[in-house]
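Contents: one structure, followed by commentary.
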Amino acid sequence: MSGSLRRWRWLAAGMATAAVLTACGSGSGDAASGDAKKITFWLSTAAQIQGYTDLAKEFQAKEGITVEVVNQPYDGYQDKLRQSAQANSLPDVASVPSLDSLWINQLQDLSATANNETNKIRKDLLTEQDGKVLAIPSDLTAAGLFINKSLFTKAGVAVPADPSKTWTWDEFLAAATKVRTATGAKYDLVYDNSAARIRAFIYNNGGKGFQLGADNKYQTPDAATVAALTKFKAMNDDKVMPKSVWTSGGDPNALFKSGQVVAYFSGVWQVPDFAEGITNFEWASAPTPGPVHATDINLGGKVVAFNNKDTAAAAKKWVDFLFQRDNYTKLAQSNGYLPVESGLTLKYPFKSKAALDAYTLYTKEIELADPISSSGQAAGTKLLLAGKEAGEDPTKGELAKFVNGEQDVQKTVTNIVDGLNSTLG
């Protein structure tokens with residue numbers, strides 16, 4: 001599940017569907033001067049909202065502008081935005097999973113906020129077109145490795161502590177096999193059934209993966225990518241990894257939490273769940289294997305401001321307020337975000353040392369990651385800005401056939417490339 005879809009559960013329970021800080025309606029004020037006193041801010045989350053509602057109160061006290069924070073159900077959120085665009089009733093600001101060609105031309109330029117050097121927002125993750133910044137990510141997600149620390153301790157096998165001196169996949173698998181045989185665990189590893197997570201494996205092993213060419217078509221991948229996919233299939237042998245995850249819908253999260261699996265490759269969104277849900281063994285985040293230091297970096301959401309005339313100035317002011325360094329620090333801490341602003345010192349509200357250590361590790365991993373790590377999410381944005389919208393990614397289905405022995409690696413690669421290109425609208 002991508003970061004933009006996965007929402008964590010450790011914040012206050014009982015959250016209402018909409019956290020409304022004002023009566024309905026936005027845009028009251030002087031339309032000619034843009035002196036709006038109310039604006040709306042839409043997002044969709046199961047838990048990451050408290051930071052926004054807290055900042056909305058501070059914003060109202062400082063600027064005299066009330067922010068209505070509306071938490072939309074994820075199912076249908078994109079459709080609701082499209083319908084609102086057609087009805088000329090878009091919110092003033094929104095955090096969205098992705099941009100939409102139907103309303104992209106109604107976005108304001110957020111360059112002043114994005115390029116303010118005080119904020120230190122990562123420039124490589126901005127959505128830019130014709131010199132304008134159309135969206136700023138609210139937060140980052142990244143893929144990574146979790147281990148059953150109790151099993152490693154029992155087997156007396158060491159785990160690298162420094163991500164800059166990490167193990168290779170071969171070294172990790174050798175260690176995991178040693179732990180499995182010494183402790184009687186069932187599998188070395190479970191691995192998320194996800195195209196994004198496979199990107200990370202390909203990058204770790206030196207491949208470039210499925211990249212867009214200059215013509216905005218996906219290209220035949222390099223030999224290292226083919227080798228990585230071949231290696232991944234071999235790992236699905238019901239000993240190193242269970243074939244059921246990639247062929248018949250087995251749940252890797254549940255398998256890891258059973259305590260019978262040495263390690264799990266997933267991502268940072270698992271941390272709050274493990275902090276609360278794993279009580280029968282010690283777990284830890286471990287450095288992602290190499291030899292290439294890479295992962296899959298994705299965006300938790302994209303903050304946009306719509307050009308709603310009389311509320312446009314207030315909307316941009318709210319976005320700028322969110323990303324001011326002190327305010328964004330509060331937001332990231334409260335919502336449990338991996339930050340898009342570099343150099344922050346964050347104090348997350350976890351009691352679990354394993355969870356706090358995991359956030360520290362993920363921050364280091366992102367800082368060290370090869371630039372290719374963010375190319376997957378960047379490709380989707382590039383296509384959108386070129387007037388194309390990708391459909392369903394065929395990678396999972398084609399790899400399932402490969403893992404199951406239904407087709408060879410060359411057929412798998414060809415089908416993935418052809419499938420990706422056939423979905424482009």
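The values are calculated or read from the model by the stated rules, or taken from the named source; none is laboratory data. Given the structure is predicted, the values throughout are model-derived calculations rather than measurements. Heads up, the Cβs are rebuilt from the backbone with ideal geometry, glycines too, and the neighbour counts pull from every protein chain shown. With ligands, DNA and RNA removed, areas are computed over all heavy atoms of the protein, side chains included. Shrake-Rupley method; radii C 1.70, N 1.55, O 1.52, S 1.80 Å.
Relative to the longest principal axis of the Cα atoms of the chain, helix 77-86 runs at roughly 30 degrees. To the nearest ten degrees, helix 325-335 and the longest principal axis of the Cα atoms of the chain are 60 degrees apart. Here the accessible area of segment 325-425 is 50 percent carbon and sulfur, with a 1.4 angstrom probe and all protein chains present.
Solvent-accessible surface of segment 271-312, averaged per residue with a 1.4 angstrom probe and all protein chains in place: 31 square angstrom. Among 220-226, 403-409, the peptide with the highest mean count of other Cβ atoms within 10 Å heads the list, and the full ranking is 220-226, 403-409. Hey, if you put +1 on the Cβ of every Lys and Arg and -1 on every Asp and Glu Cβ in the chain, which of SER98, GLY300, ALA135 ends up farthest toward the positive end of that dipole? The residue sitting most towards the positive pole is GLY300. For the peptides 314-320, 360-366, 275-281, 99-105, residues were scored by their other Cβ atoms within 10 Å and the scores averaged per peptide; the highest-first order is 314-320, 360-366, 99-105, 275-281. Fraction of C-alpha pairs exceeding 19 angstrom in segment 258-358: 58 percent, rounded to a whole number.
Among the protein heavy atoms of segment 140-267, carbon and sulfur supply 51% of the accessible surface, probe 1.4 Å, non-protein parts ignored. On a C-alpha basis, how far is the centre of segment 160-206 from the centre of segment 119-133 in Å? Whole number, if you could? Centre-to-centre distance over Cα atoms comes out at 34 Å. Straight-distance candidates among the lysines for linking to LYS257, with alpha-carbon spacing under 19 Å and chain neighbours fewer than 8 residues away dropped: LYS149, LYS154, LYS186, LYS239, LYS243, LYS353. For VAL133, the residues whose modelled amide H falls within less than 5 Å of its own, excluding neighbours fewer than 5 places apart on the same chain, are LEU110, SER111. With the convex hull drawn around the C-alpha atoms of segment 70-124, the volume per residue stands at 115 Å³. Sorting the segments 335-343, 415-423 by their residues' average number of neighbouring beta-carbon atoms within 10 angstrom, most packed first, yields 335-343, 415-423. For the chain, the orientation-averaged shadow of the C-alpha convex hull comes to 20.2 nm² (one quarter of the hull surface).
Taking all protein chains into account, the per residue accessible area for segment 37-162 stands at 40 Å² (1.4 Å probe).
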